[in-house]
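Trainee: Got a structure for you, written out below as structure tokens; questions coming shortly.
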């Protein structure tokens, strides 16, 4: 067994203080949601403050839904983002353009929606794929757990896999054992309320991930 630790992204933060604390607990990346309908939506100013609060080894990632290249790049530059997570029906050419601009691009795929896990070949330029279940009123996983093992044998064109959807400290080990991902992404599972993290849950989640014995060395996603 490898003793390597999976990277963890704590997503949907709205406060620089919570982002700084999450980084101190061991988070690899912090997600800032730019989708206006989300209860975790942040302004450009909030996202910049969050990004500037992070140490050099922790990435700020913007979460976008069907935004165009110029809108994404404006936020990447102003908010000091290291990556863009695309949660809509973005065309492959957008991924290619962002990668050419040296932006890490995580493309969301769904086990029961579109774009589906079978469409990874349409995004050969993606840095990594985030997989979760489709459901609820928002483009993300809406805290839904799913059959994590369904993606275990998927190649995803050789790109790293980020596992998301319904994760919390009590089930992350089971999810990792089932799917064998390279990183995990958590939001509602460590919240006190939408957009406000419960830092004790954040710490518990990160501690739970550190205890997981994984079957292969994970590939880096965020840096």
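Trainee: Which count do you get for residues in the range 81-106 that are touching a strand residue (DSSP E or B) at 6+ places or on another chain (Cβ under 6 Å) and assigned to a loop (DSSP other than H, G, I, E, B)? Talk me through it step by step, then tell me what you get.
Mentor: Taking the range 81-106 first, the residues touching a strand residue (DSSP E or B) at 6+ places or on another chain (Cβ under 6 Å) are 81-87, 95, 98-99, 103-106.
After this cut, where a residue has to be assigned to a loop (DSSP other than H, G, I, E, B) as well, the list is 81-82, 87, 103.
Final tally of qualifying residues: 4.
Trainee: Turning to a different aspect of this structure: Out of curiosity, is residue 113 modelled with pLDDT under 95, more than 27 Å from residue 199 (Cα to Cα) and not in a loop (DSSP other than H, G, I, E, B)? It would help to see each step written out before you state the result.
Mentor: Working: modelled with pLDDT under 95: yes; more than 27 Å from residue 199 (Cα to Cα): yes; not in a loop (DSSP other than H, G, I, E, B): no.
Against the criterion (modelled with pLDDT under 95, more than 27 Å from residue 199 (Cα to Cα) and not in a loop (DSSP other than H, G, I, E, B)), residue 113 does not qualify.
Trainee: Oh, and also: Only one of (1) modelled with pLDDT under 95; (2) over 21 Å from residue 184 (Cα atoms) is not met by residue 91, so which one is it?
Mentor: (1)
Trainee: Can you find, within the range 152-180, the residue that is modelled with the highest pLDDT among those that are in contact with a helix residue (DSSP H, G or I) (Cβ under 6 Å, 6 or more places away or on another chain) and assigned to a helix (DSSP H, G or I)?
Mentor: My answer is 172.
Trainee: Do we have residue 156 as in contact (Cβ under 8 Å) with a residue 24 or more places away in the chain and either surrounded by fewer than 18 Cβ atoms within 10 Å (Cβ to Cβ) or on the phi > 0 side of the Ramachandran plot (or both) here?
Mentor: yes
Trainee: Now for a different question. Does the range 45-63 include one or more residues that are without any contact (Cβ under 8 Å) to a residue 12 or more places away in the chain, over 26 Å from residue 177 (Cα atoms) and surrounded by fewer than 19 Cβ atoms within 10 Å (Cβ to Cβ)? Quick ask: steps written out before the conclusion?
Mentor: Within the range 45-63, the first condition is being without any contact (Cβ under 8 Å) to a residue 12 or more places away in the chain, and the residues that meet it are 45, 56.
Still in the running and over 26 Å from residue 177 (Cα atoms): 45, 56.
Right, trim to surrounded by fewer than 19 Cβ atoms within 10 Å (Cβ to Cβ) and you get 45, 56.
For the range 45-63, residues without any contact (Cβ under 8 Å) to a residue 12 or more places away in the chain, over 26 Å from residue 177 (Cα atoms) and surrounded by fewer than 19 Cβ atoms within 10 Å (Cβ to Cβ): present.
Trainee: Ok, one more. Go through (1) farther than 24 Å from residue 67 by Cα; (2) in contact with a helix residue (DSSP H, G or I) (Cβ under 7 Å, 6 or more places away or on another chain); (3) modelled with pLDDT of 90 or more; (4) exposed (fewer than 14 other Cβ atoms within 10 Å of the Cβ) and name the single condition residue 149 misses.
Mentor: Of (1) farther than 24 Å from residue 67 by Cα; (2) in contact with a helix residue (DSSP H, G or I) (Cβ under 7 Å, 6 or more places away or on another chain); (3) modelled with pLDDT of 90 or more; (4) exposed (fewer than 14 other Cβ atoms within 10 Å of the Cβ), only one is false for residue 149: (3).
Trainee: Can you report the number of residues in the range 159-202 which are surrounded by 18 or more Cβ atoms within 10 Å (Cβ to Cβ), touching a residue at least 60 places away in the same chain (Cβ under 8 Å) and farther than 19 Å from residue 120 by Cβ?
Mentor: Adding up the residues that qualify gives 9.
Trainee: Let me ask something else. List every residue pair whose Cβ atoms sit under 8 Å apart, with the two residues 6 or more apart in sequence or on different chains, where the first one lies in the range 9-21 and is on the phi > 0 side of the Ramachandran plot and crowded, with 24+ Cβ neighbours inside 10 Å and the second, anywhere, is modelled with pLDDT of 95 or more and assigned to a helix (DSSP H, G or I).
Mentor: From the range 9-21, no pairs qualify.
The values are calculated or read from the model by the stated rules, or taken from the named source; none is laboratory data. As the structure is a computational prediction, the values presented were derived from the model and not from experiment. Positions of Cβ are backbone-derived with ideal geometry, glycine not excepted, and every protein chain shown enters the neighbour counts.
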